[in-house]
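Presented below is the structure to which this report refers.
No value in this document is a laboratory result; all are computed from the given coordinates. This one's a predicted model, so the numbers in the text were calculated from it and none came from an experiment. Glycine gets a Cβ as well: all are built from the backbone with ideal geometry, and neighbour counts include every protein chain shown.
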Amino acid sequence: MRLFRLCLLFITCLPATLLAQTSFEELVEKTFGSDQTLVNGIQFSNQYIRIEGNPYFMDGRYQFGAVCIHDRWYDPVRMRYNLYTQKVEIEYLTPEDHMNQLITVPEQMPEFILGGYLFRRMSLGKDHAAYYMVLSTENTECFIGWSLDAVGGGNSRRRFTPLERKCWIGHDGHWIMFDDRRSYLGAFPPERKKEFKDLLKWKKFHFGVAGTHEWVDLVWATLRLIEEGGNP
């Protein structure tokens, strides 16, 4: 794959007349100066056409979000998040009115916002660096890792695995981690286990089939319950 410049348009700060008269690369030069190491990316190609399923966060359609490069935010950016590669893909219009797609370099992008959710690149536990969704209250912070894998091959068609989620919650210096019902209930002291079991029942929550919004809703409810009762 050829290396291309990943040019992020900070459209909200540029007058319409300037956008009409300025080429795409000139916009990048005005935004970033001559330091093009901030905007390197790889030309997108569909590597998953022979794999069943969707490797993207939500439905995989490009939507407007924001990206942070070296502590500076840029928006609006048309983007989607690939959970399989742990990379953000960006779509933009070239000066010739051609739609181009780029795969970004995670090391250059510590944070991004997509679908109203903040994601931050970090390492937790023994896991490799990846993007985590950030949810937090005044006294509690939570990081949810979203990922999936591809299985199959040989005589069977390859397919993406079901979505995997791992949640880390930090409260008053204590950390808990869970990724299924057993680890969720085991993360809390015995005297509080019934509260969180009742929460799952009330939410009618099933870890194996819960969607994105259901998962986030459970986490918010868990954070509130933790803060109401003190240390987990």
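Which peptide among 74-83, 121-130, 136-145 comes first, and what is the full order, when sorted by highest mean count of other Cβ atoms within 10 Å?
Taking the mean over residues of other Cβ atoms within 10 Å, the ranking is 74-83, 136-145, 121-130.
So what are the ³J(HN,Hα) numbers for the stretch 117-123, from phi and the Karplus equation (6.51, -1.76, 1.60; θ = phi - 60°), rounded to whole Hz, Gly and Pro as x?
Each residue's phi maps through the Karplus curve to give 9, 8, 10, 10, 7, 6, 10 Hz.
I need two numbers for the stretch 107-232: Rg to one decimal and Dmax as a whole number, Cα atoms only, in Å.
15.9, 53
May I ask which of K166/K203; K87/K204; K126/K201; K166/K193; K126/K204; K126/K194 have a Cα-Cα span longer than 21 Å here?
K87/K204; K126/K201; K126/K204; K126/K194
Apply the Karplus parameterisation 6.51 cos²θ - 1.76 cosθ + 1.60, with θ equal to phi minus 60°, to every residue of the stretch 211-228 and state each ³J(HN,Hα) to the nearest whole Hz, in sequence, with x for glycine and proline.
Going residue by residue, I get x, 4, 5, 5, 5, 4, 4, 5, 4, 4, 5, 5, 4, 5, 5, 4, 5, 5 Hz, with x marking Gly and Pro.
Can you pull the three principal axis extents for the Cα set of the stretch 63-167, in Å, largest first?
For the stretch 63-167, the Cα spread along each principal axis is 48, 44, 21 Å.
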